[in-house]
C-alpha cells in the first residue's frame, strides 16, 4: 500500500516511477526480507524516505527544516524536468496558472504573493502543530492539504508535499504508522474532480465546506477500495495455508496467484501456455491436475473455448 501511495502521488503530477524500484526501496526501509528486490537510485530512495517520514514519524513536529528536506528529496539535482528551480527554500517568484493565447489569457489560479510566503507558512505550521485546536484530525488533514496548496510555497512539488502532509495528519488521527489505504490512489482515480475542486475552492469566497465534503467522500471511497482488496488478500492467505501440503508446481503457483490478484478475462489453456511459457499439452495437464485436487473448476463452455476458475471463487 505504501508503494501504491508513492507511485500514485507522483502519477497525479504526470510522473511515472518504476514500481519495482519503489517497492524495493520501501521494503528495505521497513526492514522487510522480500524476494525480488532490485537496486534503487538515490532519487528513488529520497522519494521513499520523504513519504515514509511523513507517516512513520507522524508525531514529530512539521517544521520548515523538515519541509525543506522533503523538497530536497524530490529534486536532488536542483531541476524540475529541464528547468532549474529553487530547492529546499521557499519560492521568490510569483506563481500563477494561465492558459490561452497572448492577449486572451485566462488565469486559473494565482498563488500567495512571494513576499508573503514565509509569513503564511509560519502561520500554517503553527496551526498544524497545535494539538490544542479542537478539530477532528481527518478534517485537519483536509484543511492542511488545501491550505498548503493555496500558499504554494515551492517552485514545484507542492501537490506531492501537500498529499504527504495529509497522510501525516491522517496517521496522527489513527495514531499509527501502518498504512492500509492510499488516498493518493483515490485522488488519481478522481484526478479531474480533484483538480476541479481545488481550483473551485481556491477561487471562491473562502467557504471550504464543499472541499471538506469532497475530501471526506474520497477518503471513504479509499477505505472501501482497501476493504475490498484486503478481502482478496485474506482469501489468498487462507488458500495457501489450506493447501500448504499439496504438491503444486511453479507454473500452477504462478497462475493461481494471478487468478487471486485479478486475472483479466477468462483463463483458458492457451493463455496458461502463453503466460507460463509451456506447451499446450503441459498447460492442459497442469489444469487437469488442479481440477482433480479441487482447486480449479471448469466453466460451462467446452472444447477450445473451455475456461477455468478457482473453485473457491
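The values are calculated or read from the model by the stated rules, or taken from the named source; none is laboratory data. Computed from a prediction, not measured in an experiment: that's the story for all the values here. Counting neighbours? That spans all protein chains shown, and the Cβs are built from the backbone with ideal geometry, glycine included.
For the stretch 292-300, the count of residues that are assigned by TED's automatic domain parsing to the domain that holds residue 159 and surrounded by 13 or more Cβ atoms within 10 Å (Cβ to Cβ) is zero. Given the structure, is residue 255 without any contact (Cβ under 8 Å) to a residue 24 or more places away in the chain and surrounded by 14 or more Cβ atoms within 10 Å (Cβ to Cβ)? Here the answer is no, as residue 255 does not meet what is asked. Of everything listed in (1) surrounded by 14 or more Cβ atoms within 10 Å (Cβ to Cβ); (2) over 30 Å from residue 180 (Cβ atoms), the single unmet condition for residue 267 is (2).
Would you mind stating whether residue 226 is part of a helix (DSSP H, G or I), out of contact with any helix residue (DSSP H, G or I) (no Cβ under 7 Å at 6 or more places or on another chain) and surrounded by 12 or more Cβ atoms within 10 Å (Cβ to Cβ)? Yes: the conditions hold for residue 226.
Which ones in the stretch 248-266 are part of a loop (DSSP other than H, G, I, E, B) and within 15 Å of residue 287 (Cβ to Cβ)?
248, 249, 263, 266
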